[in-house]
Each structure stands twice: as C-alpha cells, then as structure tokens.
Amino acid sequence: MTHKSEKLWDGRFSEGTAKVVERFTSSISVDRRLYKHDIEGSIAHCRMLAKVGVIAEAEADTLVQGLETIRGEIERGEFSYSDSLEDIHMHVESRLNELVGNVARKLHTARSRNDQVALDTRMYLREESRNIIAGLFRLREVLVDLAEAHMDAAMPGYTHLQRAQPVLFSHHLMAYYEMFTRDAERLKDGLKRIEVMPLGSAALAGTTYPIDRAYTAELLHFPAVSSNSIDAVSDRDFILEFLSVASICMIHFSRFSEELILWSSAEFGFIELPDAFATGSSIMPQKKNPDVPELVRGKAGRVIGDLMNMLTLMKSLPLAYNRDMQEDKPPLFDAVDTLTACIEVYIPMLPKISLRKEVMARATEKGFLNATDMADYLANKGIPFREAHSHAGRAVAEAQNLGLELHNLNLEALRKFSDRIEADIFDILTTEGMINRRSSFGGTATANVKKAIAGAREAMSQEVKGKEKRWEKG
Ligand code: ARG
C-alpha cells in the first residue's frame, strides 16, 4: 500500500505516500501546461541567485543548461511524467537532479512552490491575456469590415424582441464592436495586476537570503514586484478577474450567437449561415442547423461555471497558501481554451454569413416601425408629444384593423387623426428617412455609422502603434 519513494520533501516522513494519495494530490496532468513558464521562472531565479552571490556563476550556468535541456525534452515529447512527482515544479526539479547532479538541489534556495506556482500562473495568464486581446482585435477588425461592406442593409431594431425602429445592420454590428472593445480594455487593465512578480515571497513570509527581487522581475519582464509576501502567495484575484472578464466576453458571444440563430431561422430569414459552419440533421433532410453559434452560446455556461468554481474555491480560505488553490488551474485553463476557441471560430465564420437584405428591408416595413416617426412629425408641427403619440397610436389601431401599415393609408385617411398632416408625411415614414433622421450622436443615421466605423479604424490603428500583439492563430 505504501512505499518510500524519492520525494523532494520527504526528510521528515517515515512512511511513503499511499498510491491513492499520490493519484489524488497529483496535478501534473493539468499543470504540465505551465512547463515553459516554470522553466523560464527557474532560469531567472538561478541568475538572480548567482548575481547576489547565493550560488556561484558556474553553478547557475550548469542549472540553466540543465533547465534548457529539460525544456527541449518536454517539447520533443521525450519527457516522462509520473503522479509520484505531484506537479510540474517537482518534475522539472527532479529531472534536473538526474541531469546535473547535486547542484540541482540549490535551485530551490530562497524559493517555495507557493511563490513559484503563483509566478508560473501569472506568466501563463499574461501570455494568454495577450493572445486573447490579439484575437479580439482581429474579431473587431472583422466586425468593422463587415459593417463597412453592408452599409446598405436596413433591418428592424428590436426591444422586447418586438420590431421597434429601423436601424442599419452595420449599426447593430458596431454594437458588438463596442462590447468586444470593452472586453479587450478589461483584459488590458487586468494585465496591470497580473504582471506583479511574486517570486521571493517564498513559503509566505519572505526569505533570509539577500535576494534581489527587482532583478528577477526585470529578467522576466514584470513591471512590478509584489509588496506583501503573504498576499503574494495567497492572491488569486488576478484569476478571478480574468474569469470575470472572460465570462462577460462569453456573454457577448452568447448574445451574438443567439441573434445569429434567430436570424437564420425561417421565422426571421435575415441571414444564411455558411455551409462550412453549420450541420445537417441525421433524420430531417431539409435541416441546416446553426451548431456553431449554438455551441458558442452553450459554452458561455462553462466559462461562467469556471468563474463560480474559482469564487467558491477562494471563499473563506485562510491566509496564506492552501492546497485547495491547486484547483485553480482546471477552471482557468478551461476558460482560456473555451474563450480562445470561440474567438477562433467567429473570426472566419462572420465574413461568410450571407445577408438577405431584401428580407431585412421588408421586415422594416411591417409592424408599424414608423409610428414613433409619425408622432415626432406631429410634435414638430407643434402638437405636444403625448398628444401626438396618442394620434399616432389611433392611426396604428385603424391601419391594423384594415390590415395595412401607416404608410399604406392615404393622406385623407391619415388626416382623420390630425389635420396637421400633409403630403410630406410620406417621406417621413420611409425606412431610409427614419434611419437618416436619427443623427443624434451614437444614433443609426448612415453618416453617423460611417463616422463610427472610421473612428473604430482610427482607434485600432492607434492600438497597433501601441504594439498590440497580432492574432497569429487560424
Ligand atoms: N501544485 C501546487 C499548486 O498548484 C503547487 C504548490 C504546492 N505547494 C504546497 N505547499 N504543497 O498549488
């Protein structure tokens, strides 16, 4: 049942760890993903130890060489993993022992796995946040390109999922541009709190060695060093923040997906999804299902679950490190992977969606979307808005009884509701007129939307100058 294995921490133990406990406590299958950051962090730690004279330069060289060998082994798939070595930190250190001998035992001087795992996770999340920001940048470009390409498409805007007032399809798309831009801003802001270097906090209280934490931070390109060792090893706020931002971003994807699903239904018929992004039914030959948006919508639930998982995990944990915190990685990795996958699938899908512009346009002409404009027209002629509203409301009721729209009533019929109505009302009631008169800042008028698109392009070109990482995947 038990055996005494070569653990790096077993000095005070008289009995080996039970196999079932090794399996239960092991996190290697999950945290092996952090190998690159673990090795990079260890290399910086070695260099710092040599700089302050805790180890010799030659020893640091040996350690660094060994660490680089391990990186190569892992990348070539030549590295072997075992539950008995718990986690990625132990795996690297144990292999280093095999490779360079006893000097490997110096690597962990002035360090604990508590500050080490905090560092690795921060390095990982810095990289992934930048990838996601770059992915969102590409998605925002796609949205702006589409908005520009389809300036001629008008569609009903909805409230309560009832046709409300006509809007440009491009204006609707640019609403998503705004959402994803805010997501990217939130991620950038989160980076300020991710890029705080915790190494040197050791187990929880700091270390007796004369270490130079600022130097380690410099080597790892961290702009800041954590100020409280207890906080540094117990803080997972940066993960909570990331998961919150990821959840909000997934909400945006989910709302967009819901709209694509609705719009591609026969009931709406506004768009057709590309064949390459839809699937058929095994029983109903006519079906073309919007699986991609449906799955994106569904995956929002996972990421929200990841956030709940992490919040619940951290709640009431006493300071400082607790082993519970090892459970932070599955939800974090899952959220990163899920959000990344959604960005990756949306970028190529959106430009391939075809629009049924005539269906959208026809939809703007049914359902009294111009009733507000009739009321505005009367108000502009001096009738108090509430009264104008009631005249227009009666006109709607009358038209509805006749099975007509407001713009199908003739002048004589319209004048029954107010003698202020003249022939110019018919220009007011057109979709194009309604859209273009909504020229208040942020409104849907064509000129506004063009400006919004130009503004978005300008903002994005400034971001490129600010050296945003570019989207490389797909
Ligand atoms: N695998 C651990 C984790 O992810 C590393 C830290 C372990 N620290 C400890 N005191 N057992 O949290």
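Can you pull out the residues in segment 238-273 that are farther than 19 Å from HIS172 by Cβ and in contact with a strand residue (DSSP E or B) (Cβ under 9 Å, 6 or more places away or on another chain)? Correct list: PHE238 only.
Please tell me if GLU387 is over 44 Å from the mean Cα position of the chain (by Cα) and without any contact (Cβ under 8 Å) to a residue 12 or more places away in the chain. Quick ask: steps written out before the conclusion?
Details: over 44 Å from the mean Cα position of the chain (by Cα): yes; without any contact (Cβ under 8 Å) to a residue 12 or more places away in the chain: yes.
Answer is yes for this residue.
Scanning segment 353-371 for residues that are modelled with pLDDT under 95 and part of a helix (DSSP H, G or I) gives a single hit, ALA371.
Just wondering, is there one or more residues in segment 95-106 that are under 13 Å from LYS36 (Cβ atoms) and in a helix (DSSP H, G or I)? So far as segment 95-106 goes, no, none of its residues is under 13 Å from LYS36 (Cβ atoms) and in a helix (DSSP H, G or I). Is segment 209-217 home to any residue that is open to solvent by 40 Å² or more (accessible area, probe 1.4 Å), farther than 17 Å from SER112 by Cβ and within 30 Å of the chain's Cα centre (by Cα)? For segment 209-217, residues open to solvent by 40 Å² or more (accessible area, probe 1.4 Å), farther than 17 Å from SER112 by Cβ and within 30 Å of the chain's Cα centre (by Cα): absent. Can you name every residue in segment 220-247 that is crowded, with 17+ Cβ neighbours inside 10 Å, hydrophobic (A, V, I, L, M, F, W, C), part of a helix (DSSP H, G or I) and more than 24 Å from the chain's Cα centre (by Cα)? ALA232, VAL233 - these are the residues of segment 220-247 that are crowded, with 17+ Cβ neighbours inside 10 Å, hydrophobic (A, V, I, L, M, F, W, C), part of a helix (DSSP H, G or I) and more than 24 Å from the chain's Cα centre (by Cα).
When you check LYS51 against the structure, is it touching a Phe, Trp or Tyr at 6+ places or on another chain (Cβ under 9 Å), surrounded by fewer than 19 Cβ atoms within 10 Å (Cβ to Cβ) and basic (Lys, Arg), yes or no? Working first, answer last.
Details: touching a Phe, Trp or Tyr at 6+ places or on another chain (Cβ under 9 Å): yes; surrounded by fewer than 19 Cβ atoms within 10 Å (Cβ to Cβ): yes; basic (Lys, Arg): yes.
Yes.
Please go through segment 268-326 and pick out each residue that is open to solvent by 80 Å² or more (accessible area, probe 1.4 Å), among the hydrophobic types (A, V, I, L, M, F, W, C) and at pLDDT below 95. Within segment 268-326, ALA276, ILE283 meet the criteria. Residues in segment 44-66 that are part of a helix (DSSP H, G or I) and free of Cβ contacts under 8 Å to residues at least 40 places away in the same chain: ALA50, GLU57, ALA58, ALA60, ASP61, VAL64, GLN65, GLY66. Return the residues of segment 87-109 that are within 16 Å of the ligand (Cβ to nearest atom) and within 24 Å of MET197 (Cα to Cα); say none if nothing qualifies. Listed by number, the residues that qualify are ASP87, ILE88, HIS89, MET90, HIS91, VAL92, GLU93, LEU107, HIS108. Scanning segment 22-29 turns up no residue that is open to solvent by 60 Å² or more (accessible area, probe 1.4 Å), assigned to a loop (DSSP other than H, G, I, E, B) and touching a residue at least 40 places away in the same chain (Cβ under 8 Å).
The condition (being in a helix (DSSP H, G or I) and touching a strand residue (DSSP E or B) at 6+ places or on another chain (Cβ under 6 Å)) is satisfied by just one residue among MET374, MET434: MET434. Apart from one condition, ASP83 fits all of (1) in contact with a helix residue (DSSP H, G or I) (Cβ under 8 Å, 6 or more places away or on another chain); (2) open to solvent by 10 Å² or more (accessible area, probe 1.4 Å); (3) at pLDDT 95 or above; the exception is (3). Just a yes or no: is a residue in segment 167-182 aromatic (Phe, Trp, Tyr) and within 16 Å of the ligand (Cβ to nearest atom)? No - not one qualifying residue is present in segment 167-182. Set side by side, the residues ARG126, ARG113 differ, and just one is farther than 14 Å from ILE43 by Cβ, within 15 Å of the ligand (Cβ to nearest atom) and either of a type outside the set (A, V, I, L, M) or open to solvent by 10 Å² or more (accessible area, probe 1.4 Å) (or both), which is ARG113.
The values are calculated or read from the model by the stated rules, or taken from the named source; none is laboratory data. Everything numeric in this text was worked out from a predicted model, so none of it was measured. For neighbour counting, all protein chains shown are included, and Cβ atoms are generated from backbone atoms with ideal geometry for every residue, glycine included. The area values use the complete protein model at the heavy-atom level, side chains included, leaving out ligands, DNA and RNA. Shrake-Rupley method; radii C 1.70, N 1.55, O 1.52, S 1.80 Å.
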